[in-house]
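Structure first, then comments.
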Amino acid sequence: MLLEMGQSHLFEHWPEPGVDDEQKRAFFDQVARLNSSYPGGLASYINTARELLADSKAGKNPFDGFTPSVPSGESLTFGDNSFVQFEETGVREMQNAAFVLVAGGLGERLGYNGIKVALPRESSSGTCYLQHYIESILALQDASSRLVEGGSPKQIPFVIMTSDDTHARTLELLESNSYFGMNPTQVKLLKQEKVACLDDNVARLAVDPRNKYVIQTKPHGHGDVHSLLYSSGLLNLWRHAGLRWVLFFQDTNGLLFKAIPAALGVSATKQYHVNSLAVPRKAKEAIGGIAKLTHADGRTMVINVEYNQLDPLLRATGYPDGDVNCETGYSPFPGNINQLILELGPYIEELTKTGGAIQEFVNPKYKDASKTSFKSSTRLECMMQDYPKTLPPTARVGFTVMDIWLAYAPVKNNPEDAAKVPKGNPYHSATSGEMAVYRANSLILKKAGVKVDDPVLQVFNGQEVEVWPHVTWKPKWALTFADVTSKVSGSCSISQKSTLVVNGSNIFLEDLSLDGALVINSVIDAEVCSDLSEELHMVKVGGSVQNKGWILENVDYKDTSAPEEVRIRGFRINKVEQLEKTYNEPGNFCLKA
Ligand SMILES: O=c1ccn([C@@H]2O[C@H](COP(=O)(O)OP(=O)(O)O[C@H]3OC[C@@H](O)[C@H](O)[C@H]3O)[C@@H](O)[C@H]2O)c(=O)[nH]1
Ligand SMILES: [Mg+2]
């Protein structure tokens, strides 16, 4: 097959039989792996590569013939009646859902040495992303089964796509933490394989410069998740179990689960086959724009245009200024946060046709204008949000826009690059990712009637951020706005320098005045309480707490004496003074300190 596909150069240096046989066998093992992990096999990979490389050389625009326009979608306002309604619907539907986290990326822009899901989402509680995601899914599972009478509690499946770069460390993080409370059989890791690198425009496979018996490989992109799910057989198992939704998400977004219930509510209510979550987008921000593309022949699709392609597409289609903000101060195109909700039935139907193959692209860096050779080997790539590209026009494809403060705060940029982000655009750094959690929680409490002091501006690693009170809670405390409003009452207030950490589902804040740090734990087992009415197992906490609190101290990212996860956010928390309370029985508690 390799010879037929013009790959004879791979064997040119081979010595006679009997020499290097081990390495020759290893070579064929690798070829077999590359062949079986790609839909259609290696020959199909090479053919596609030739076509895409020819298009790229000819300077062909992948959106040739299409004109972009601003699509209309569902736009939600946090806390209003329809939002609350969507959240309730979403939580109810949650027991028919499965979650898929794509976490095979190295995070080269961030440059962190560990895996990204092991980073703390915020440093007041120190909870890492993966723990937060798992606890959110478990809390949704419980809340959903409570809403459905007589239903037997279902376990929400959780899939993590890993790669050779992240697999072992992801597994190790799960195992050393007892899967953060999830049943290990509920979690499935699917490892994506890399794809072969290409040396030239006729798609000759690149050999590893250090070992001529190895084909060089690079990641193929998050689009692999579809073929992996398809070939794993999980989708049909889920269908037989009565599931209806698959929710995809990315490795570091500390706000995502605040947006999930309402977004699923929208999918269920509008019967969307595909629902992408979006936020208002700043021009040139490194997030894709959701656009309606209309072809000269009349076809239309609503699809993500990746951030590096939006500007050239706009310039080529009559918008000479390219990717710029409109009068709202934002790009007219909603920003894709790559949280996709797919309806399982239509998804399986589509994958049965495509095998999960996603339209690919190639992005070679040419040596010169002749475009005949590359600076370094290239490869085909694909993105999970390109899934709708092959759907028939009858498919119900929509999107849902929510506020940025509620839905999107990824950690993608290293401190140096983040500090260079144009003023007013989000930093997407470890610093902004943590501050966004505090801001969102503070704004939600405010909306629920708590008096929360305004933030102050502070600079960490060259980035000016709003510092709100450090409020963080476990997902089981509150998943939706209705949960929060049911758990705070009377006249509560939180000063700017405060930290509030809430660990426990049955904690109710009533007439609490906080100026300092307060950690409230409740260790009452929800199952013991399940036969009691809510009143009977409430831990009601009020009173006035004042102490020196927890203080943020600047740490420079170049200061190698601090741990990497501290350095990249530019501060550490000095826990000067706090009140910590742990309750193991219900009651009314009046704090004084
Ligand atoms: O090969 C890969 C590459 C990436 N990934 C995962 O995919 C997720 C996103 O990866 P990247 O951080 O490289 O994505 P980017 O920031 O380039 O853009 C992505 O997120 C922002 C959106 O607006 C873009 O449309 C989307 O492509 C991460 O969770 C990463 O771990 C894989 O699982 N495998
Ligand atoms: Mg990327």
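What order do you get for 285-296, 545-556 when each peptide is scored by the mean count of other beta carbon atoms within 10 Å, highest first?
Descending packing order for the listed peptides: 285-296, 545-556.
Over 25 Å between C-alpha atoms is what I'm after, so list which of K548/K592; K116/K447; K60/K212 land there.
Long pairs (Cα-Cα over 25 Å): K116/K447; K60/K212.
Which shape class, rounded, prolate or oblate, goes with segment 244-342 when its Cα gyration tensor gives a ≥ b ≥ c as root eigenvalues, a/c under 1.5 marks rounded, and past that a/b bigger than b/c marks prolate?
Judged from the Cα gyration tensor, segment 244-342 comes out oblate (a/c at least 1.5, b/c at or above a/b).
What is the percent carbon and sulfur in the accessible area of segment 277-324, measuring with a 1.4 Å probe over the protein chains and ignoring ligands?
54
Taking all pairs of distinct Cα atoms, average 1/r, flip it, and tell me the Kirkwood hydrodynamic radius of the chain in Å to one decimal place. Walk me through the numbers on the way to the answer.
Working: mean 1/r = 0.0387 Å⁻¹.
Evaluated on the chain, it is 25.8 Å.
Please compute the modelled spin-label separation between Q155 and D55, points set 7 Å along Cα→Cβ, answer in nm with one decimal.
Spacing of the two 7 Å Cα→Cβ label points: 4.3 nm.
Compute the FRET efficiency between N308 and E585 as 1/(1 + (r/R0)^6), taking r as their Cβ-Cβ distance and R0 = 51 Å, and round to the nearest 0.05.
Details: r = 57 Å, r/R0 = 1.12.
FRET efficiency, N308 to E585: 0.35.
What share of Cα pairs, in percent, lie more than 21 angstrom apart in segment 291-431?
60
Please figure out what share of the DSSP beta bridges in the chain is antiparallel and state it in percent, rounded to the nearest 5. Don't skip to the end; give the middle numbers.
Numbers: 45 of 101 bridges.
Once the DSSP bridges in the chain are tallied, antiparallel ones form about 45 percent.
How high is the FRET efficiency between S36 and E172 when r is their beta carbon distance and R₀ equals 30 Å, given to the nearest 0.05?
With R0 = 30 Å, the Cβ-Cβ based efficiency is 0.65.
Given a cut-off of 26 Å, name the pairs among K292/K420; K420/K476; K154/K270; K154/K258 whose C-alpha atoms lie farther apart than that in the structure shown.
The answer is K292/K420; K420/K476.
Residues in segment 180-200, backbone N under 20 Å from the label point at M1 (7 Å along the Cα-to-beta-carbon vector): list them, ranges by number please.
Those under the cut-off are 192-199.
Could you tell me the calculated FRET efficiency between D453 and S82, based on Cβ-Cβ distance and R0 = 30 angstrom, to the nearest 0.05?
With a Förster radius of 30 Å, E is 0.50.
Mind checking which aspartates and glutamates have their Cα closer than 19 Å to the Cα of K367? Skip sequence neighbours fewer than 8 apart in that chain.
Filter leaves D55, D199, D200.
Could I have the simple spin-label model distance between V148 and S72, label points 7 Å from Cα toward Cβ, reported in nm to one decimal?
A separation of 3.4 nm, rounded to one decimal place.
For the modelled label position 7 Å from the Cα of K420 along Cα-to-Cβ, which residues of segment 306-337 have backbone nitrogen atoms closer than 19 Å?
Residues 307-309 qualify, since their backbone N sits under 19 Å from the label point.
Would you mind calculating the relative contact order of the chain from Cα pairs under 8 angstrom and at least 6 residues apart, reporting the percent as a whole number?
Working: 1241 pairs, mean separation 87.5, N = 593.
Over the chain, the number comes to 15 percent.
The values are calculated or read from the model by the stated rules, or taken from the named source; none is laboratory data. Quick caveat: nothing in here was measured; it's all calculated off a predicted structure. All Cβ positions, glycine included, derive from the backbone under ideal geometry; neighbour counts span all protein chains shown. These accessible areas exclude ligands, DNA and RNA; they are computed on the full protein's heavy atoms, side chains included. Shrake-Rupley method; radii C 1.70, N 1.55, O 1.52, S 1.80 Å.
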